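**Student:** Encoded as structure tokens, here's the structure I'll be asking about.
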Amino acid sequence: MRTDRPGYQCRANKDGSTVHYWSPKRAVKGAPSALSTIRLGDGLTEEQIAAECQRLTAELRDELVKLGSPPTYDCTIASLVACYRHDKTSSLHSVKHSTRIRDYEPSLRILVADVGARRIDALRSSDFKKWFAGWKKKGHRRASGAIKLLRVVISYGAGERLIGCAQARDILSDMRFEQPAPRTVAMTYEQCFAIVAKSIEMECPSIGFVEALKFETALRRIDVIGEWAPVPGGGSFRWSGLMAKDISKDMILTLKTSKTGAPVSRDLSTYPLVAAALQAYRIPDIGPVVIDEDSGKPYWENRYTEKFKKVRNAAGVSSTVWSMDSRAGAVSETIEATGSLDAARDLATHTTTTMTRRYARGDGLEASRKVALARVESRPKTAQ
């Protein structure tokens with residue numbers, strides 16, 4: 001029995017791959033039963049799995065020692081992050097679980113690892129500039145995310161009247177950092193069709209069904225595959241998302257989007273890509289609509305991403321095309337076909353056309369041609 005990866009558990013998928021977990025109850029004797037098992041990332045090496053299990057176990061032991069007592073603020077960034085994590089009134093505990101795991105936690109770990117020892121009451125604008133430049137070398141989005149969370153935790157500290165935070169917040173509020181360039185890639189109909197076809201060939205038609213549904217309806221991925229999240233107050237993860245009952249017998253899909261709560265109705269029988277995907281994928285009679293063929297359960301987001309990449313690559317679609325780009329493809333195609341930004345906004349359930357423009361790809365040439373033709377057709381014939 002290996003002792004270098006405390007709390008380790010695993011489960012084999014039907015495709016031969018292995019899912020790795022860390023169980024707090026197995027790692028530390030006497031750990032609270034309400035603590036959730038954590039799924040480790042896919043593709044980790046044996047050494048990385050051991051390191052992650054050791055890190056999580058060490059953190060748990062440290063938390064158990066301090067159980068019941070809040071972290072002590074000593075003016076360092078690391079102590080501020082600890083207070084921010086511990087305080088149930090902080091914004092960390094009000095965002096969606098997927099947002100916390102995907103956006104907040106990675107940036108908080110960067111702050112603690114890279115600048116955690118720095119005293120907040122001694123910071124200058126030059127420090128923030130140097131940090132951003134250093135993070136940017138490892139990725140512009142990484143740098144932007146770290147600065148964004150630094151603003152969040154320092155604002156939290158200022159609100160709690162912690163020493164140095166108000167002054168640091170004032171310095172940061174006057175600073176502007178270069179934003180990463182917006183994505184310019186949109187999935188095309190041809191690319192989506194290729195992914196649908198290849199997913200059927202690879203016997204994982206759920207991938208093609210999800211991408212077809214997103215491309216045709218402009219729904220977000222989380223609204224299609226759902227989300228696994230811990231139960232409030234502790235306990236195992238539970239899934240919530242699109243259910244079979246949300247699609248009627250005549251193929252009318254109705255739901256409220258997870259981001260804004262906007263009501264959505266879509267007639268799936270009118271979408272050719274969805275029809276192509278449903279030649280191989282069967283919507284269950286009850287329960288979640290999208291099921292991972294390997295596990296027989298709804299997808300975890302990282303598992304879906306990895307599987308999508310395999311299908312996309314096998315389909316000969318460029319690696320620059322991401323799953324999220326099917327939504328941009330839906331918006332772009334709508335604008336080109338109708339010449340209407342409002343129509344694209346309604347399809348994507350955006351509250352403003354400003355957001356819709358961010359999803360629109362291309363130079364607008366085709367849309368401008370349609371508008372020009374429509375204007376000519378509307379003019380009196382004698383004036384042409």
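**Student:** Any residue at all in segment 312-333 that is under 30 Å from SER17 (Cβ atoms), over 23 Å from the mean Cα position of the chain (by Cα) and among the β-branched types (Val, Ile, Thr)?
**Tutor:** Scanning segment 312-333, I find no residue that is under 30 Å from SER17 (Cβ atoms), over 23 Å from the mean Cα position of the chain (by Cα) and among the β-branched types (Val, Ile, Thr), so the answer is no.
**Student:** Please work out which residue is modelled with the lowest pLDDT, limiting yourself to segment 28-62 and to residues that are over 24 Å from ARG102 (Cβ atoms) and of a type in the set (Gly, Ala, Ser).
**Tutor:** SER33
**Student:** Taking MET202 and the conditions (1) under 30 Å from LEU92 (Cα atoms); (2) surrounded by fewer than 20 Cβ atoms within 10 Å (Cβ to Cβ); (3) not charged (D, E, K, R), which numbered condition does it fall short on, given that it satisfies the others?
**Tutor:** (1)
**Student:** On to the next question. Where the second residue is charged (D, E, K, R) and the first is without any contact (Cβ under 8 Å) to a residue 40 or more places away in the chain and lies in segment 2-14, which pairs have Cβ atoms under 9 Å and are six or more apart or on separate chains?
**Tutor:** Listed by first residue and then by second, the contacts come to GLN9/ARG26.
**Student:** Can you find even one residue in segment 342-357 that is modelled with pLDDT under 90, surrounded by fewer than 17 Cβ atoms within 10 Å (Cβ to Cβ), within 21 Å of the chain's Cα centre (by Cα) and among the basic types (Lys, Arg)?
**Tutor:** Yes, segment 342-357 contains a residue that is modelled with pLDDT under 90, surrounded by fewer than 17 Cβ atoms within 10 Å (Cβ to Cβ), within 21 Å of the chain's Cα centre (by Cα) and among the basic types (Lys, Arg).
**Student:** Any residue in segment 53-60 that is under 23 Å from the mean Cα position of the chain (by Cα), in a helix (DSSP H, G or I), in contact (Cβ under 8 Å) with a residue 40 or more places away in the chain and not assigned by TED's automatic domain parsing to the domain that holds MET202?
**Tutor:** Yes; the residues of segment 53-60 include at least one that is under 23 Å from the mean Cα position of the chain (by Cα), in a helix (DSSP H, G or I), in contact (Cβ under 8 Å) with a residue 40 or more places away in the chain and not assigned by TED's automatic domain parsing to the domain that holds MET202.
**Student:** Tally time: how many residues in segment 26-35 are exposed (fewer than 15 other Cβ atoms within 10 Å of the Cβ) and within 23 Å of ARG238 (Cβ to Cβ)?
**Tutor:** Counting residues in segment 26-35 that are exposed (fewer than 15 other Cβ atoms within 10 Å of the Cβ) and within 23 Å of ARG238 (Cβ to Cβ) gives 3.
**Student:** Search segment 237-252 for residues that are over 18 Å from TRP300 (Cα atoms) and pair each with any residue that is loosely packed, with under 11 Cβ neighbours inside 10 Å when their beta-carbon atoms are under 9 Å apart and the residues are at least 6 apart or on different chains.
**Tutor:** Sorted first by the residue in segment 237-252, then by its partner, the pairs are ALA244/ASP285; ALA244/ILE286; LYS245/ILE286; MET251/THR270; ILE252/SER265.
**Student:** Looking only at segment 267-287, which residues are over 12 Å from ILE207 (Cα atoms), out of contact with any Cys (no Cβ under 7 Å at 6 or more places or on another chain) and not in a loop (DSSP other than H, G, I, E, B)?
**Tutor:** Passing the criteria: ASP267, LEU268, SER269, THR270, PRO272, ALA275, ALA276.
**Student:** Consider TYR73 carefully, then state whether it is aromatic (Phe, Trp, Tyr) and either exposed (fewer than 11 other Cβ atoms within 10 Å of the Cβ) or in contact (Cβ under 8 Å) with a residue 60 or more places away in the chain (or both).
**Tutor:** yes
The values are calculated or read from the model by the stated rules, or taken from the named source; none is laboratory data. Keep in mind it's a predicted model, so treat the numbers as computed, not measured. Note: ideal-geometry Cβ built from the backbone for every residue, glycine included; neighbour counts use all protein chains shown.
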